[in-house]
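Each remark here refers to the structure printed beneath this line.
The values are calculated or read from the model by the stated rules, or taken from the named source; none is laboratory data. Small disclaimer: the values here were computed from a predicted structure and weren't measured. As a convention, Cβ positions derive from the backbone with ideal geometry for all residues, glycine included, and neighbour counts pool all protein chains shown.
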Amino acid sequence: MQTGEELEAQAWAVFGGGASSPVRAGRRVGGVPFFQQAGAGALAYDHTGRAYIDYVMGYGPLLFGYRMPGSERVKAQFDTGVLFGSTHHAEIRLAERIRGHLPSMERLRFTTTGTEAVMGAVRVARAATKRSGLVRFGGNYHGHTDIALLDAGASAETSAPQAAGIPAGVARDVHVLPYNDLPSLEALLACEGEQIAAVLLEPVVGNMGLVLPVPGFLEGVLSAAHAAGALVIFDEVISWLRLGLGGAQGRLGLQPDLTTIGKILGGGLPIAAFGGRADLLACLAPQGPVFTGGTHAGHPLAVAAGHAVLDELEGQPELYDTMRRRAEYLAQGLQRLFTRYGYPYQVVWLESIVDFKFRPGDPIRDYTQAKEAKAEVFARYYHAMRERGILLAPSYNEVMFLSTEHTDAQVEETLRAAEGALLAIKH
Ligand SMILES: Cc1ncc(COP(=O)(O)O)c(C=O)c1O
């Protein structure tokens, strides 16, 4: 069997940057990256076959852990046709079901990834308003197109446009503001409002740790943007289905002009969508001039998985209660450990997301605060947890995702491991 070091060398010999997505290369925490060979329930198995309780959950999509909801349905789709180059009935039905839960998505279009969904939503907003400016917030992550980077969260800390392959012209149209800072948005809109097509944001941020909007922030964004004739795009690629069937917008009773969704929708298969007001989506070709396309958009296998995901969540709403209860137990347990061992850190949690930063003080509000966290302490904690059989994402910007498959016993085991890890890194 190959060692982790050998796999790492092999990966670096074939992948640019050592991995297909940068965070996987593990450079944020150092050491040998995690190589996975399998997953079952809430467990990830490394290349040696050792099991870990997994809180990465594929960076969010695996709400059902490694159990694929409706796998029979997906397998049946293999026999009916793996890919169609035409619109299909199940795809239409899935769009109808999504709209049933997210009524703001009066019309939508499927894509393969969240990145493309955001790209499509921004292009529609720019075409509909005939403006090119885009406002984003530091530490939010919206995929890896040129417009979405620059001070983005997750593993994309790109701050130098030219050096990072992003044309300065693109960067000139993108304004990055501090999250939760309504006055800075109002000030920008007061000067440049007529050039701003859209304000793009995660209504609950999951990419600089878990950051909740302060009361009134999202309402203020909607009213300030609309007053300036700009549109608001809620990126719910993480939050839709993670926070419930209505997503963040349903939970908060807010109506964005455009929305992007993805991740959990495919239960692990790649599918995403953008959508919103019917008059805006009327910009799309062939009805209007805006082009977005995709060979794999609305992929039949992912659509079958999407139906299965919704069947399960609609049929068993108590799944959310169970996940919430376990996340709360984990969050409270971690908080107690911090108190017991004199760590001045705050645990934050919402539904099945749990997070904390190695940073004293109140829960963070923006990316400047997020970057104050001690990355090197997190790196030691990450490895101490991994040694104890707990798999965290190898970046302090990422959160812990629970799933329907995490058990009470696994949460207890995680807390025991955290106690050991916190003691180990203290010395
Ligand atoms: C909020 C948000 N939007 C968009 C994306 C991009 O999605 P994808 O990785 O499927 O392209 C992500 C990915 O993490 C995300 O968290």
Taking the range 65-98 and keeping residues more than 18 Å from residue 265 (Cα to Cα) and either part of a helix (DSSP H, G or I) or outside the structural domain of residue 250 (by TED's automatic domain parsing) (or both) leaves 76, 78, 79, 80
Residue pairs within 7 Å by beta carbon, gap of at least six or interchain, first lying in the range 240-264 and assigned by TED's automatic domain parsing to the domain that holds residue 97 and closer than 18 Å to residue 141 by Cβ, second part of a strand (DSSP E or B) and away from the ligand (no atom under 16 Å from the Cβ), listed first then second, are 258/231
key: Condition check for residue 118: more than 12 Å from the ligand (Cβ to nearest atom), buried (at least 22 other Cβ atoms within 10 Å of the Cβ), outside the structural domain of residue 59 (by TED's automatic domain parsing) and within 25 Å of residue 182 (Cα to Cα)   = no
Scanning the range 1-31 for residues that are part of a helix (DSSP H, G or I), at negative phi and modelled with pLDDT of 95 or more gives 4, 5, 6, 7, 8, 9, 10, 11, 12, 13, 14, 16
Going by the conditions given, is residue 275 surrounded by 24 or more Cβ atoms within 10 Å (Cβ to Cβ), within 17 Å of residue 61 (Cβ to Cβ) and away from the ligand (no atom under 11 Å from the Cβ)? no
Within the range 12-25, the count of residues that are hydrophobic (A, V, I, L, M, F, W, C) and in contact (Cβ under 8 Å) with a residue 24 or more places away in the chain comes to 1
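Quick grid of which residues meet (1) assigned by TED's automatic domain parsing to the domain that holds residue 202; (2) assigned to a helix (DSSP H, G or I); (3) crowded, with 18+ Cβ neighbours inside 10 Å:
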residue	(1), (2), (3)
364	no, no, yes
372	no, no, no
376	no, yes, no
379	no, yes, yes
406	no, no, yes
421	no, yes, yes
- Query: In the range 26-37, is there at least one residue being in contact (Cβ under 8 Å) with a residue 60 or more places away in the chain, within 16 Å of the ligand (Cβ to nearest atom) and not small (Gly, Ala, Ser)?
  - Reply: yes
If we take the range 209-261, then helices (runs of 4 or more DSSP H) inside it with 2 or more residues that are within 14 Å of the ligand (Cβ to nearest atom) and modelled with pLDDT of 95 or more are 239-242, 247-252
* Test residue 75 against the stated conditions and say whether it is of a type in the set (Lys, Arg), out of contact with any Gly (no Cβ under 6 Å at 6 or more places or on another chain), on the phi > 0 side of the Ramachandran plot and away from the ligand (no atom under 16 Å from the Cβ). => no
*Look at residue 171 and say whether it is over 22 Å from the mean Cα position of the chain (by Cα) and either under 30 Å from residue 56 (Cα atoms) or part of a loop (DSSP other than H, G, I, E, B) (or both).*
no
